[in-house]
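Presented below is the structure to which this report refers.
The values are calculated or read from the model by the stated rules, or taken from the named source; none is laboratory data. Remember, it's a predicted structure, so these values are computed and weren't measured experimentally. Glycine gets a Cβ as well: all are built from the backbone with ideal geometry, and neighbour counts include every protein chain shown.
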Amino acid sequence: MILLFVQKKASTGEKNGVSYLNGQIKFQGVSLNVYSYLTDGVLIDTGAQSLHKFFEPFMDESDFDQVMITHFHEDHTGCAAHAEKTKKLPIFLNKKSIHSCAKKANYPLYRKLFWGKRKPFHAQDMPDSFSSRKAQWDVIDTPGHAYDHKAFLNRETGQLFTGDLFVSEKTKVVLAEESIPEIIRSLDRVLTYDFEDVFCSHGGYVEDGRAALERKRDYLLSIKHEVFTLHKEGDSADAICQKLFPKKYPIVKFSGGEWDSRHIVISILDESKTLNR
């Protein structure tokens, strides 16, 4: 019965030589989306199993030689098993996640409602760089959102595929396991590279991508500074969260707290404690 209230749709398009499918799902006021990109024979991420009726035909009708996955989360790996079965082409993933993705997925019920149950698939160890039909690519370590997160840079076109590193300029809620200090370091790392276009796995094509990533980095640095300042003044993590992030987002309640603004504050304070030991 609950599935009757879940709305799903998708759209396809092309931007600067990059084809994409954007799958969207909405339930009880929470709306989420995810992209799969195709360029120069490279498929980047495979979408969610819950949206397989959109992502599978997109893959079936596409011409590609390899699949590069930014990270293990189910909205990026959900249709990888279909690609493995039908295309019989190499799928590359950070070696840290290869073993877990070869087994049945284990994550909370609300995520299964949104993204479906990812089927097991077999991947190969992600190289530090790779070749496509007409280009050389850099694979960039960008942990923070996920421990295994990677970004991909097409050296020929200057196009950077950032997975979930960007998403939005002003982060308001994050997963419990995310690290804001780590994300800042990852943003600093990608900004050392020469790129123009930015393609985000949730935000799509990002206008003036480098400047947008710089603004996100600067915003997170300012949040970090404010957290430290308020903590030195004696505020608790909860008090800091209330001051910096007073708005309550539907995903916080819906996820049972797995997504929360509080995790932003905690990750900053936790690293500070580690560094001061």
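Which is closer than 27 Å to Ser31 by Cα and at pLDDT 95 or above, of Asp188, Asp238?
Numbers: Asp188 fails: closer than 27 Å to Ser31 by Cα.
On inspection, the qualifying residue turns out to be Asp238.
Residue under question is Lys134, and the condition is that it be in contact (Cβ under 8 Å) with a residue 40 or more places away in the chain and either in contact with an Asp or Glu (Cβ under 6 Å, 6 or more places away or on another chain) or more than 30 Å from Val30 (Cα to Cα) (or both); does it hold?
Numbers: in contact (Cβ under 8 Å) with a residue 40 or more places away in the chain: yes; either in contact with an Asp or Glu (Cβ under 6 Å, 6 or more places away or on another chain) or more than 30 Å from Val30 (Cα to Cα) (or both): yes.
Criteria met by Lys134.
Just name the residue that is nearest to the chain's Cα centre (by Cα) out of those in segment 113-131 that are surrounded by 18 or more Cβ atoms within 10 Å (Cβ to Cβ) and farther than 25 Å from Ile25 by Cα.
Within segment 113-131, the subset surrounded by 18 or more Cβ atoms within 10 Å (Cβ to Cβ) is 114-116, 118-119, 121, 123, 126.
In the following step, the residues that additionally are farther than 25 Å from Ile25 by Cα were identified as 123, 126.
Details: Ala123: 18, Met126: 17 Å.
My answer is Met126.
Out of the residues in segment 136-165 that are small (Gly, Ala, Ser) and within 21 Å of Thr46 (Cβ to Cβ), state the one that is surrounded by the fewest Cβ atoms within 10 Å (Cβ to Cβ). Quick ask: steps written out before the conclusion?
Taking segment 136-165 as the starting set, the residues that turn out to be small (Gly, Ala, Ser) are 144, 146, 151, 158, 163.
Now restrict to residues that are within 21 Å of Thr46 (Cβ to Cβ): 146, 151, 163.
Details: Ala146: 22, Ala151: 25, Gly163: 26.
Looking at the filtered set, the residue picked out is Ala146.
Could you check segment 83-96 and list, in sequence order, the residues that are within 20 Å of the chain's Cα centre (by Cα) and over 14 Å from Leu38 (Cβ atoms)? If you could, list the steps in order and put the result at the bottom.
Step one: filter segment 83-96 for residues within 20 Å of the chain's Cα centre (by Cα), giving 83, 91-96.
If the condition is that a residue be within 20 Å of the chain's Cα centre (by Cα) and over 14 Å from Leu38 (Cβ atoms), then Ile91, Phe92, Leu93, Asn94, Lys95, Lys96 are the ones that fit.
Which of the helices (runs of 4 or more DSSP H) contained wholly in segment 181-277 include at least 3 residues that are under 19 Å from the mean Cα position of the chain (by Cα)? If you could, list the steps in order and put the result at the bottom.
Numbers: elements: 209-232, 237-244, 250-254, 262-275.
Hits in segment 181-277: 209-232, 262-275.
Is there any pair linking a residue in segment 216-228 that is within 14 Å of Leu187 (Cα to Cα) to one that is among the charged types (D, E, K, R) and in a helix (DSSP H, G or I), with Cβ under 8 Å and at least six apart or on different chains, and which?
Cβ pairs passing all conditions: Arg217/Asp188.
Going by what's in this entry, would Phe199 be described as touching a helix residue (DSSP H, G or I) at 6+ places or on another chain (Cβ under 9 Å) and under 18 Å from Asn33 (Cβ atoms)?
Taking the combined requirement at face value, the residue satisfies it.
Looking for something free of Cβ contacts under 8 Å to residues at least 40 places away in the same chain, small (Gly, Ala, Ser) and either in contact with a Pro (Cβ under 9 Å, 6 or more places away or on another chain) or in a helix (DSSP H, G or I) (or both) - is there at least one such residue anywhere in segment 92-99? Talk me through it step by step, then tell me what you get.
Quick first cut of segment 92-99, residues free of Cβ contacts under 8 Å to residues at least 40 places away in the same chain only: 92, 95, 98-99.
Among the residues that remain, those that are also small (Gly, Ala, Ser) are: none.
Checked against the condition, which is being free of Cβ contacts under 8 Å to residues at least 40 places away in the same chain, small (Gly, Ala, Ser) and either in contact with a Pro (Cβ under 9 Å, 6 or more places away or on another chain) or in a helix (DSSP H, G or I) (or both), segment 92-99 yields no hits at all.
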